[in-house]
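A quick write-up on the structure given underneath.
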Amino acid sequence: MNLLGRKKDNARTPDSNVSEDTAETGLEGESGESRTTAPKGRPTPKRSEATRKRGPVAPAPMTTSEARKRRKEARTKLSREERKADKVTRRADMAARREKMMAGDDAYLLPRDKGPVRRFVRDVVDSRRNALGLFMPAALVLIFVMLSVPSVAVQQLISPAMLVLVLIMVIDGFILGRKANRLVDEKFPDNTESGWKLGFYAASRASQLRRMRAPRPQVERGNKVT
């Protein structure tokens, strides 16, 4: 008996119930896995694709050594030509990154060199002639003379010379550190970095030979840094 207001077409007969049950059971395979209808506009997937299971995804590497180990394992699965191509690509990428770092690109610098304050300090150091840069060559010369000339008199002269050289380096580093901090305070009044760190950074850069400094000097000697 149909309820009032309900269309007769919506009534379900026993035959329709059987046909619908048969259609639903026909979607199940022998293994009991159900197949779902593909979204509109997409082809119906095959049974093998619908029931395919993905393997577990490896977590991201937590350390640099772990990432290096994974890259090494991945390279062992490549052919000889693929390994050569990958090696050439990695070398080119490293060379490009190093060139950008040497040019002073802030995105490729080490954390100690980043920021406009550190860039300004490097320009201050590179714009002057530093006695600190002569420390390493002079020390090597004195050590070579001391080892090559087995004379007590010469060795007695070298020891005071080394002390004088170290004293000159300390004085020059102190003067450079004070100058760098004074110029930084004038140009960056809101700077919160300690003067000791900036002074040590300036002295350590000045102690290197100009051609060996990284990043590469961006100003010439004698230029005024503002």
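Data table
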{"quantity": "Verdict on ALA67 being part of a helix (DSSP H, G or I), without any contact (Cβ under 8 Å) to a residue 60 or more places away in the chain, within 27 Å of ALA180 (Cβ to Cβ) and open to solvent by less than 90 Å² (accessible area, probe 1.4 Å)", "calculated": "no"}
{"quantity": "ALA153 assigned to a helix (DSSP H, G or I) and touching a residue at least 24 places away in the same chain (Cβ under 8 Å)", "calculated": "no"}
{"quantity": "Hits in the stretch 129-141 - residues which are farther than 22 Å from ASN223 by Cα and either among the hydroxyl-bearing types (Ser, Thr, Tyr) or open to solvent by less than 40 Å² (accessible area, probe 1.4 Å) (or both)", "calculated": "ALA138, ALA139"}
{"quantity": "Residue that is modelled with the lowest pLDDT [pool: residues in the stretch 103-119 that are surrounded by 15 or more Cβ atoms within 10 Å (Cβ to Cβ) and assigned to a helix (DSSP H, G or I)]", "calculated": "TYR108"}
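Yes/no matrix, rows are residues, columns are (1) charged (D, E, K, R); (2) surrounded by 13 or more Cβ atoms within 10 Å (Cβ to Cβ); (3) closer than 18 Å to GLY104 by Cβ:
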site: SER127; (1), (2), (3): no, yes, yes
site: GLY173; (1), (2), (3): no, yes, no
site: LEU176; (1), (2), (3): no, yes, no
site: GLY199; (1), (2), (3): no, yes, no
site: ARG205; (1), (2), (3): yes, yes, yes
site: ARG211; (1), (2), (3): yes, no, yes
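The values are calculated or read from the model by the stated rules, or taken from the named source; none is laboratory data. Please read these numbers as outputs of a predicted model, since none were measured by experiment. Backbone-built Cβ (ideal geometry, glycine too); neighbour counts: all protein chains shown. Each accessible area value is taken on the protein alone, full model and side chains, heavy atoms only, with ligands, DNA and RNA left out. Shrake-Rupley method; radii C 1.70, N 1.55, O 1.52, S 1.80 Å.
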